[in-house]
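Each remark here refers to the structure printed beneath this line.
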Amino acid sequence: MSDNNHYTPPKVWTWEKGSGGKFANINRPVAGPTHEAELSVGKHDFQLYSLATPNGVKATVMFEELLELGHKGAEYDAWPINIGEGEQFSSGYVAINPNSKIPVMVDYSTANPTRVFESGSILLYLAEKFGEFLPGDHGARTEAMNWLFWQMGSAPYLGGGFGHFYAYAPEKMQYPIDRFTMEVKRQLDVLDRRLAESQYLAGGEYSIADIATWPWYGALALGRLYDAGEFLQVQEYENVQRWAQEIDARAAVQRGRMVNRVWGEPHEQLRERHDASDFERRTQDKLDAAD
């Protein structure tokens with residue numbers, strides 16, 4: 001244990017606005033809106049408000065996979081939500097997600113518009129609505145749900161735990177980094193053992209369990225998350241590597257990673273998405289720039 005600082009909690013905690021490291025300006029101990037602002041609404045039944053973080057990528061990959069299968073009804077408008085600027089605390093956003101996290105979706109095809117928040121809920125909603133990426137067999141469906149909820153319960157240890165203290169905290173502290181590194185490596189081992197016995201998490205069929213898990217653990221295995229690949233020795237998890245690379249090669253996944261992405265190279269971004277032709281235009285722009 002190398003930490004020299006000792007902290008004694010007070011009898012009553014009080015909020016210091018400067019605390020929280022990189023994300024101090026968006027974290028607060030109360031819910032509800034901070035300002036009045038309406039959300040944009042496009043022409044499609046599905047309106048998605050998000051950002052290309054791992055949780056946001058789950059939703060956009062799901063939409064793109066449905067479109068890849070030919071479900072025209074899955075066309076959607078994707079609006080970026082700048083969480084660094086607190087857009088998730090607008091009155092319009094809080095009305096559809098009282099938890100003020102991304103992603104959130106509204107389905108206008110129902111008699112009354114249906115709000116869907118939490119990434120796992122969005123995946124399940126779309127899987128059931130379109131009859132895709134959720135096995136019909138009782139056993140396989142249950143296995144898919146097992147791994148979907150495993151991801152929802154496990155990823156906070158990877159993101160809010162390991163990711164925060166390893167990459168974002170104001171100071172490097174050995175105890176929390178050791179604690180969450182141990183847990184993340186255990187999670188990778190859980191995945192590696194499962195993927196040693198089946199192609200995908202639910203078995204032989206690609207499902208919402210993979211779509212939910214890949215943006216977190218696939219990105220980690222591919223060295224795209226927290227610049228922590230070497231630290232975690234992610235190459236040791238050979239079955240996770242195979243799975244991550246296989247999903248990464250899917251065209252719908254590559255498109256889904258671009259949507260609401262506002263960082264990286266310009267050709268990797270599609271800040272707003274309103275039609276399938278947006279990808280065609282972006283591809284053409286890329287070709288034109290290469291000439």
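The values are calculated or read from the model by the stated rules, or taken from the named source; none is laboratory data. These figures come from a predicted structure and were not determined experimentally. Cβ sites come from the backbone with ideal geometry, for glycine too, and all protein chains shown count toward neighbours. These area figures cover heavy atoms from the full protein model, side chains too; ligands, DNA and RNA do not enter into them. Shrake-Rupley method; radii C 1.70, N 1.55, O 1.52, S 1.80 Å.
Residues ALA37, ALA78, ALA59, ALA74: which one is without any contact (Cβ under 8 Å) to a residue 60 or more places away in the chain, open to solvent by less than 10 Å² (accessible area, probe 1.4 Å) and touching a helix residue (DSSP H, G or I) at 6+ places or on another chain (Cβ under 7 Å)?
Only one candidate qualifies: ALA74.
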**Request:** Pull up segment 207-241, narrow it to residues that are within 19 Å of ASN55 (Cβ to Cβ) and assigned to a loop (DSSP other than H, G, I, E, B), then point me to the one that is most open to solvent (accessible area, probe 1.4 Å).
**Result:** ARG224
**Request:** All but one of (1) in a loop (DSSP other than H, G, I, E, B); (2) in contact (Cβ under 8 Å) with a residue 60 or more places away in the chain; (3) crowded, with 16+ Cβ neighbours inside 10 Å hold for ARG257, so report the exception by its number.
**Result:** (1)
**Complete:** For segment 108-120, the count of residues that are under 21 Å from TYR200 (Cβ atoms) and either among the hydroxyl-bearing types (Ser, Thr, Tyr) or open to solvent by 60 Å² or more (accessible area, probe 1.4 Å) (or both) equals 1
**Prompt:** Only one of these conditions is not met by ILE102: (1) in contact (Cβ under 8 Å) with a residue 24 or more places away in the chain; (2) open to solvent by less than 50 Å² (accessible area, probe 1.4 Å); (3) outside any loop (DSSP other than H, G, I, E, B); (4) under 24 Å from ARG224 (Cα atoms). Which number is it?
**Reply:** (3)
**Asked** Out of segment 165-174, which residues are closer than 19 Å to GLY229 by Cβ, touching a helix residue (DSSP H, G or I) at 6+ places or on another chain (Cβ under 7 Å) and of a type outside the set (A, V, I, L, M, F, W, C)?
**Response** TYR166, TYR168
**Message:** Which pairs turn up if I take residues in segment 121-139 that are closer than 17 Å to ASP210 by Cβ and aromatic (Phe, Trp, Tyr) and look for partners that are part of a helix (DSSP H, G or I) and open to solvent by less than 30 Å² (accessible area, probe 1.4 Å) with beta carbon separation below 6 Å, at least 6 apart in sequence or on another chain?
**Reply:** PHE130/LEU66; PHE133/ALA127; PHE133/ILE208
**Prompt:** When the residues of segment 81-99 are filtered to those that are within 22 Å of VAL61 (Cα to Cα) and not aliphatic (A, V, I, L, M), which remaining residue is most open to solvent (accessible area, probe 1.4 Å)?
**Reply:** ASN82
**Request:** Answer yes if at least one residue in segment 195-204 is of a type in the set (A, V, I, L, M), touching a residue at least 24 places away in the same chain (Cβ under 8 Å), assigned to a helix (DSSP H, G or I) and farther than 23 Å from ILE26 by Cβ, and no otherwise.
**Result:** yes
**Message:** Among the numbered criteria (1) under 23 Å from ASN55 (Cβ atoms); (2) open to solvent by less than 60 Å² (accessible area, probe 1.4 Å); (3) not polar (S, T, N, Q), which one does ARG179 miss?
**Reply:** (2)
**Request:** Test GLY131 against the stated conditions and say whether it is open to solvent by 30 Å² or more (accessible area, probe 1.4 Å), over 17 Å from GLU205 (Cα atoms) and at pLDDT 95 or above.
**Result:** no
**Message:** Step by step: first the residues of segment 265-291, then only those that are open to solvent by 50 Å² or more (accessible area, probe 1.4 Å) and of a type in the set (Gly, Ala, Ser), then the one that is modelled with the highest pLDDT. Which residue is that?
**Reply:** ALA289
**Message:** Looking only at residues that are surrounded by 14 or more Cβ atoms within 10 Å (Cβ to Cβ) and polar (S, T, N, Q) in segment 147-176, which one is farthest from the chain's Cα centre (by Cα)?
**Reply:** SER154
**Asked** What do you reckon, is GLU246 modelled with pLDDT under 95 and open to solvent by 20 Å² or more (accessible area, probe 1.4 Å)?
**Response** no
**Request:** Within segment 114-128, work out how many residues are of a type outside the set (A, V, I, L, M) and either in contact with a helix residue (DSSP H, G or I) (Cβ under 9 Å, 6 or more places away or on another chain) or at pLDDT below 95 (or both).
**Result:** 6
**Asked** Limited to segment 58-79, what total is found for residues that are farther than 18 Å from TRP216 by Cα and either part of a loop (DSSP other than H, G, I, E, B) or out of contact with any Lys or Arg (no Cβ under 6 Å at 6 or more places or on another chain) (or both)?
**Response** 13
**Fill in**
All conditions in (1) in contact (Cβ under 8 Å) with a residue 12 or more places away in the chain; (2) more than 17 Å from the chain's Cα centre (by Cα); (3) part of a helix (DSSP H, G or I) are true of ASP275 except (3)
